[in-house]
Amino acid sequence: ERDTKVYERDTKVYERDAKIYERDAKVYERDTKVYERDTKVYERDTKVYERDTKVYERDAKIYERDAKVYERDTKVYERDTRGLLFKPTRISSINNKKTTRPEGESFVL
């Protein structure tokens, strides 16, 4: 009778351990799926990061080139307008210019 009680107790422990094992197996399967999904997400995010880095580097080069063009254009503009700005013009010289055209001359824009 004592052996029967020990056997019944051991059987209950075995059944409990079997349930724990089954639960752990399900958790492991779920964790494996989550890990696989996370790995795919990480790989995708890595590709996106690499692409974004290339775009950023390209945009930086474009920005640098545009800055150089802007500087060059500014220097050209300053050079071209240096003589035109603040150049004194006499009103009398404007009034003394001939404003009529000789006969027969066509006016073309």
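Quickly run through the range 36-87 and pick out the residues that are aromatic (Phe, Trp, Tyr) and under 28 Å from the mean Cα position of the chain (by Cα). Outline the logic, then answer.
Our first condition is that a residue be aromatic (Phe, Trp, Tyr); within the range 36-87, this holds for 42, 49, 56, 63, 70, 77, 86.
If the condition is that a residue be aromatic (Phe, Trp, Tyr) and under 28 Å from the mean Cα position of the chain (by Cα), then 42, 49, 56, 63, 70 are the ones that fit.
Considering (1) at pLDDT 95 or above; (2) exposed (fewer than 10 other Cβ atoms within 10 Å of the Cβ), the lone condition that residue 41 does not fulfil carries the number (2).
The values are calculated or read from the model by the stated rules, or taken from the named source; none is laboratory data. A quick note: this is a predicted structure, and the numbers were derived from the prediction, not measured. Please note: Cβ atoms are built from the backbone with ideal geometry, for glycine as well, and neighbour counts cover all protein chains shown.
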